[in-house]
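Bear in mind these aren't lab numbers, they're just calculated from the coordinates by the rules spelled out. Since the model is a prediction, treat every value here as computed from it, not as a measurement. Cβ coordinates were reconstructed from backbone atoms using ideal geometry, including for glycine residues, and neighbour counts include every protein chain displayed.
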Ligand SMILES: Cc1cc2nc3c(=O)[nH]c(=O)nc-3n(C[C@H](O)[C@H](O)[C@H](O)COP(=O)(O)O)c2cc1C
């Protein structure tokens, strides 16, 4: 095995204040992110979306295989087709597929099968996971990698003042058909991106977080 080429990590990010201050400030920003289901129709420039995708694409991935594709939909007719197909799956979900516990857990969020945000949001970013590379090569830790990239995407959008929803109208195979994606691309998340509507409300139940000592263990 030959030695890898290495570079000095000279352009690393060095904040201008102590790490705890910067970490707290970032928390204060991220803490205000909410999943939004009421979008304004105000447009968002393609260039902005490109920066969001660049940020997502900077995420770590298993063996740096970058097993993702982000299909960014702004065409109204395509958004309409996606809404119709998603609402069909969601009706099936709410009426038949979801068990009682799931419906009980969703009740405080007030979600239902109607998804007007799929047409209102100026962009729908559909994150696909690649089950193999475009050249046929293997990929590793797919879900972990694409999940991280989507987390970066949500953070970047929020940082830019944009709202997102992490939407999973399962099963999502209709997205391959509508968007003409090949079989090795599997839909992962459907993420509307835009500005929150002026009269946007969010469920109280979405804000609560378990206390830190329940989710953090120091050994
Ligand atoms: C993997 C995943 C799937 C989700 N799917 C949906 C969905 O299909 N529809 C929806 O309205 N919200 C969905 N959500 C949003 C959650 O309901 C939301 O993140 C949670 O209630 C916390 O609210 P917050 O994002 O405002 O903090 C999903 C979130 C995640 C992480």
Which residue fluctuates most in the GNM of the chain (Cα springs below 10 Å): 154, 124, 106? 106
In a GNM of the chain with a 10 Å cut-off on Cα contacts, which of 101, 87, 185 has the highest mean-square fluctuation? 101
Could you identify which residue out of 38, 30, 172 has the top mean-square fluctuation in a GNM of the chain using Cα springs shorter than 10 Å? 30
How far apart, in nm, are the 7 Å Cα→Cβ label points at residue 75 and residue 166? 3.0
Taking r as the C-beta separation of residue 35 and residue 5 and R0 as 41 Å, the FRET efficiency to the nearest 0.05 is 0.45
Quick note on 123, 51, ordering by fewest other C-beta atoms within 10 Å, gives 51, 123
Averaging sequence separations of C-alpha pairs under 8 Å and six or more residues apart, then dividing by the length of the chain, give the relative contact order as a whole percent. 32
For residue 45 and residue 198, what is the calculated FRET efficiency with R₀ set at 22 Å and r taken between the beta-carbons, to the nearest 0.05? 0.65
Rg to Rh for the chain: what is it, with Cα atoms only and Rh by Kirkwood? 0.99
For n ≥ 4 DSSP H runs only, could you compute -39500 (n - 2.57) per run for the chain, divide by its residues and tell me the 222 nm figure to the nearest 500? -10500 deg cm²/dmol
In what order do 178, 191 fall by count of nearby beta-carbon atoms within 10 Å, going from fewest to most? 178, 191
Among 32, 79, rank each residue by its count of other Cβ atoms within 10 Å, from fewest to most, as a rough exposure measure. 32, 79
Which FRET efficiency value, to the nearest 0.05, do you get for residue 14 and residue 214 by plugging their Cβ-Cβ distance into 1/(1 + (r/R0)^6) with R0 = 35 Å? 0.60
